[in-house]
Every structure is written in structure tokens, then in C-alpha cells.
1. Hey, LEU43 hits all of (1) touching an Asp or Glu at 6+ places or on another chain (Cβ under 9 Å); (2) closer than 15 Å to LYS4 by Cα; (3) among the aliphatic types (A, V, I, L, M) but one; which does it fall short on?
2. Would you tally the residues in segment 14-35 being in contact with a Ser or Thr (Cβ under 7 Å, 6 or more places away or on another chain) and either among the small types (Gly, Ala, Ser) or within 18 Å of ASN56 (Cα to Cα) (or both)?
3. Look through segment 11-58, keep the residues that are of a type in the set (Gly, Ala, Ser) and surrounded by fewer than 15 Cβ atoms within 10 Å (Cβ to Cβ), and return whichever of them is nearest to GLY99 (Cα to Cα).
4. If you go through segment 27-66 one residue at a time, how many are under 19 Å from THR112 (Cβ atoms) and either acidic (Asp, Glu) or in contact with a helix residue (DSSP H, G or I) (Cβ under 6 Å, 6 or more places away or on another chain) (or both)?
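Since every read-out is calculated from the coordinates, none of them should be taken as a lab result. Since this is a predicted model, take the numbers as computed values, not measurements. Cβ: placed from backbone, ideal geometry, glycine included. Neighbour counts: every protein chain shown.
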Amino acid sequence: MQKKKILLVEDNPALMTALTMRLESTGYQLIAARSVAEAMSRLIHRRPDVSLIDINLPDGDGFSLAQQMHSNPNVPRTPIVFITASSSPAYIERARTFGPVAFLEKPIDPKTLIKVIEQSTYSTEEFSARSLGNAA
């Protein structure tokens, strides 16, 4: 079985390292990016199953990245999980416009993160199977 690929867009090196170690030890393949521009390049060439996106990035924000993802025909639609240090209602409301799987507040509980990723990849597979008429 092929490992699920996760795009992790995070500019904090310590958090990037911690999340990478945790997710790789759980069996995921990580695609790391530290900026909007780097993430877009990775998305076009690597095709992740889920995108974990920090809202505050050095060259924009997670919302502008999500907008670029949705408007670029070369980028596949993937579930988006926004991660941020703020639980601002405005952030949560804006995140909903992109149909994210989740909105996680830092510090991120590792068990919750894994659960959200599993649910988002399962939902995507279930949808694909149902679309093809293969669901039980």
C-alpha cells in the first residue's frame, strides 16, 4: 500500500520538524514547504492527499494559498486542514469558505492531528469509491 502524502506548509522550523517527525513515524510521506510560493510548486509536482496549511506565512497567508490552490487547474483538489495559533472567529469563518476538513489551533495535539488526517483521507477515498459505484 502506498503511503499517503501530506503537504505541510509551516514556516516555523521547530514546528515543521516536530510535525514531520510525528507524521513520518505514523507512516505518512511528507512534502514540506515554508511559504506560499514553495507550496504551490510542490502541489503541482507532488500531488498530496491532504494539505496542512499554517495561516500565517512569510509571503502571504494560508487563505491566499487555498485560493490559489482552488483556482489553479494544475493543482488537484485536496482536503485542507488549516493550522494556526489563533482561534479567531473571523479565521474560522474564512476557513469554512474553502471547505476545509478541519481548523486546528496550535499547539496541535498529535492524536487529534492524526485523527483529522485519517478522517480526511478516508472521506476522500469513500467519496471516490461511491462515485464509481464500488461502495458497500
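1. (1)
2. Keep residues of segment 14-35 that are in contact with a Ser or Thr (Cβ under 7 Å, 6 or more places away or on another chain), which gives 30, 32.
Then drop every residue that is not either among the small types (Gly, Ala, Ser) or within 18 Å of ASN56 (Cα to Cα) (or both), which leaves 32.
Within segment 14-35, residues that are in contact with a Ser or Thr (Cβ under 7 Å, 6 or more places away or on another chain) and either among the small types (Gly, Ala, Ser) or within 18 Å of ASN56 (Cα to Cα) (or both) number 1.
3. SER41
4. Keep residues of segment 27-66 that are under 19 Å from THR112 (Cβ atoms), which gives 27-28, 30, 49-55, 62.
Narrowing the set further to residues that are either acidic (Asp, Glu) or in contact with a helix residue (DSSP H, G or I) (Cβ under 6 Å, 6 or more places away or on another chain) (or both) leaves 30, 49-50, 53-55.
So the count comes out to 6.
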